[in-house]
Amino acid sequence: MEVPLETTEHVLPEVKYEYLDHTADVQLHAWGETLQEAFEQCGMAMFGYMTDLPTVDIKMCYQITTEPTDDLDNMLFRFLDELLFLFSAEPFLICKKLEITKFDLDQFTIECNCYGEEFDLQKHPQGTEVKAITYSAMQIYKKPEHEKNEVFVIIDI
């Protein structure tokens, strides 16, 4: 669902992710002060693998909502899968910033504002196509407050 884009300046968060080699695929490793931030960073890592994020402008905002599920692994999978769908189908959105506005650990649902623009090969260098999110070797480390929360996800490229 497209939501009105606020005219205020968008402050981009610090990059807290890296890419780890994996046979025929790539593993995303993201972290944050909170598990919510680690999930946001994992989504940004996926978009960063698809294009050079500094070339992306914030021109639109879409809101996604994941369906309730039964655990954190499914919650992360569904979140990334929704983001991949945004990129793969209209509006072909490539995100520069993700802002999770609801992170429900009882229902295991997420609502997220996705800021970016339509992917354009004339403007955005084509990185590697992400075909799917996998459960393979998925790891989520939820830590006490003020410790680094981490997620590891293998994406099929």
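The values are calculated or read from the model by the stated rules, or taken from the named source; none is laboratory data. Because the structure is predicted, anything quoted here is derived from the model rather than measured. Using ideal geometry, Cβ is built from the backbone for each residue, glycine included, and neighbour counts are taken over all protein chains shown. The area values use the complete protein model at the heavy-atom level, side chains included, leaving out ligands, DNA and RNA. Shrake-Rupley method; radii C 1.70, N 1.55, O 1.52, S 1.80 Å.
Brief remarks follow.
- For the stretch 18-40, the set of residues classified as free of Cβ contacts under 8 Å to residues at least 40 places away in the same chain and within 15 Å of the chain's Cα centre (by Cα) consists of E18, Y19, listed by residue number.
- Number of the condition not met by E118 [criteria: (1) more than 19 Å from V3 (Cα to Cα); (2) over 11 Å from the mean Cα position of the chain (by Cα)]: (1)
- Whether a residue is within 18 Å of L35 (Cα to Cα) and buried (at least 20 other Cβ atoms within 10 Å of the Cβ) was assessed, and L76 passes this test.
- Selection status of H29, assigned to a loop (DSSP other than H, G, I, E, B) and touching a strand residue (DSSP E or B) at 6+ places or on another chain (Cβ under 9 Å): no
- Once the stretch 114-157 is narrowed to residues that are closer than 24 Å to D70 by Cβ, open to solvent by 40 Å² or more (accessible area, probe 1.4 Å) and outside any strand (DSSP E or B), the residue that is modelled with the lowest pLDDT is P144.
- So L76, is it within 15 Å of Q41 (Cβ to Cβ), in contact with a Leu (Cβ under 9 Å, 6 or more places away or on another chain) and outside any strand (DSSP E or B): no
- Any hit, the stretch 1-23, residues being modelled with pLDDT of 95 or more and either of a type in the set (G, A, S) or under 11 Å from V151 (Cβ atoms) (or both): no
Okay, residues lined up against (1) of a type in the set (V, I, T); (2) open to solvent by less than 20 Å² (accessible area, probe 1.4 Å); (3) modelled with pLDDT of 95 or more:
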site	(1), (2), (3)
Q36	no, no, yes
C42	no, yes, yes
A45	no, yes, yes
M50	no, yes, yes
P54	no, no, yes
D57	no, no, yes
T66	yes, yes, yes
D70	no, no, yes
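This table checks each residue for (1) open to solvent by 70 Å² or more (accessible area, probe 1.4 Å); (2) assigned to a strand (DSSP E or B); (3) touching a residue at least 40 places away in the same chain (Cβ under 8 Å).
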{"site": "E90", "(1), (2), (3)": "yes, no, no"}
{"site": "C95", "(1), (2), (3)": "no, yes, yes"}
{"site": "K102", "(1), (2), (3)": "yes, yes, no"}
{"site": "Q107", "(1), (2), (3)": "yes, no, no"}
{"site": "C112", "(1), (2), (3)": "no, yes, yes"}
